[in-house]
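This report concerns only the one structure given below.
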Amino acid sequence: MPILFYIFGALVILAALGVVLQRTPVYSALSLIVVLCALAVEYLLLGAEFIAVIQVIVYAGAIMVLFVLVIMLLNARREVPSSRSRMAGWLGAPLLAAFLFEMLYAVWDYLPAESANWPAARPAGPAPIGHLLFQNYVLPFEVTSVLVLVAVLGAVVLAKKEL
Amino acid sequence: MTIFSDPTFFLLVTLAKVAVILFVLLTAIAYITWLERKVVAHIQSRWGPYRVGPHGLLQPMADGIKFLFKEDIMPLEADRLIYLLAPFLAFTLAFLSFAVVPFGGSFQIGSRTIFLQVTNLDVGLLFIFAVTSLGVYSIALAGWSSNSKYPLFGGLRSSAQMISYELSLGLAVIGVIMFSGTLNLRDMVMAQQGTWHLHGTDTYIPHWNIFVQPIGFLVYFTAAIAETNRVPFDLPEGETELVAGFHTEYSSLKFAMFFMSEYANMITVSCIATLLFFGGWSGPGLGMTAPGALALLSIFWFAAKVFLFLFFYIWMRGTLPRFRYDQLMSFGWKVLLPVGFLNILVTGFILTWWTSS
């Protein structure tokens, strides 16, 4: 099991680099889809079937389709690099290093003492998640849905001006 | 049966299942194309294929050989990698869904029970939805990478169409999920065995979900036809406007892969319709005691139901004209989607009333 976990972990990182480094927008989008699908496999290996499948349905199957659709509509070909700003050149690398260090530190702190332990599979089926969502976290859940509603209304209002 | 250790046995059985399913599916696909040509021909008072073999029965072989030997043409300005990737993606995803489809009961070898299904995932239904939701990429990318205007239009149309109808597809099955309380396809079928009992008397009506979710079924099947890009929703490949839509620039084996994945998707959709609404492999005679015969009989009932749906697909192709694009969109968003929501609402009320009384 851990071997598969590391293989897909490496795939996530490689594809994530691909998202940033590709010059053609469609390739970036496809790399992002690979990241999402490989992450879903990681969830699956950790025993979270429901989260894995939902990850693919929502992110890879719905949101990224819209991304790809927009890229196709604009028919965006190879990107032309803009003239690099000087500030980015000076500050980019140190800021990146600082961010990486901070992330590593946070993760290191969070890890239990015996980090080699494979996490014991906990039941993460649809029913326990549903109970959590609608009992313990019902307020955040409802607030999030209102937020989505507001976003939809905003999109309609913006689109209405163009019609 | 102590020749093999448990993991080895499991691996061998799974490999055998995969091989059998692949063989059966590919044969089925070949003969659905034959059936389609025959049925449509008879609807239009023609004979259909008749020359190759008796009643044209060897026509699928002839078609396959023809595809193999055709010249493989790639447009010069095509995006090579994605152009090659798209048909493989379509093919793989079309066959992946069958990994979780239970096509029969179970039988025993020695002390081990073998289920007629490759994997029994707890979220089987969602797995199929995840795989089909990725299927849109193969069509969109094929259209884009061909670098030609008609395929691009076809790809754009189909992405828009598939996103729109996927919503209704998902909503339609929620009613069934609420009734059965599980996402496991095998458990869903098990819940539909037997007959409906009304106030303690046997009605002899099968305990299938279609009788409690007729609207859900109609919404599901309509949306499913749109998802598989078939008549009357075949706008992504509308010949009269777009030559052949997203696969205009594909030839030879790559075209054949798109062709076969379309038929594989039809089979998937028919399988889900059977599993969710028509009791899967349940049917008369399953009370028998001989376990081997039981497994065979369950496969027979399952195949028969799936065949009826496939026939319905072909029947519709011979009957209905194609939608106009704006009609397609307004139908999906203004009719199918609200009906799907209403169905969930009504189902919720009924279930609450049912459990409280």
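Please average, across the residues of B:136-148, the number of beta carbons from any other chain that are within 10 Å of each residue's own beta carbon, and give a whole number. Don't skip to the end; give the middle numbers.
Details: counts 6, 8, 0, 0, 6, 5, 0, 1, 7, 2, 0, 2, 0.
So the per-residue partner count for this stretch is 3.
Given an 8 Å cut-off on Cα distances and at least 6 residues of separation, report the relative contact order of chain B as a percent.
On the way: 493 pairs, mean separation 78.8, N = 357.
Across chain B, relative contact order equals 22 percent.
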Cα-based helix-to-principal-axis angle, B:80-96 vs chain B, degrees rounded to 10: 20 degrees
For segment B:318-328, Karplus couplings with θ = phi - 60° (6.51, -1.76, 1.60), whole Hz, Gly/Pro x: x, 10, 9, x, 7, 5, 7, 4, 5, 5, 4
Relative contact order %, segment B:1-110, counting alpha carbon pairs below 8 Å whose residues are six or more apart: 20 percent
Stretch in chain B that is longest and holds no GluC sites (Glu not before Pro) that DSSP places in a loop and that have at most 15 other beta carbons within 10 Å: B:78-357
Shape of segment B:1-97, Cα gyration tensor, a/c cut at 1.5: oblate
Exposure proxy ranking, count of Cβ atoms within 10 Å, fewest first, for B:I43, B:I65: B:I65, B:I43
Estimated dipole of chain B in Debye, rounded to 20 [Cβ of Lys and Arg +1, of Asp and Glu -1, Cα centre]: 560 debye
Under-5 Å amide H pairs with B:G104, H placed in peptide plane, nonlocal only: B:L116
222 nm mean residue ellipticity, helices alone, for chain B (DSSP H n ≥ 4; -39,500 (n - 2.57); rounded to 500): -21500 deg cm²/dmol
Inter-label distance for B:W47 and B:F311, nm, one decimal - labels placed 7 Å from Cα along Cα-to-Cβ: 2.4 nm
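Any read-out appearing in this document is the output of simple, stated calculations on the displayed coordinates, not a laboratory observation. Remember, predicted model here, so these are calculated numbers, not experimental data. Reconstructed Cβ throughout: ideal geometry from the backbone, glycine too, with neighbour counts over all protein chains shown.
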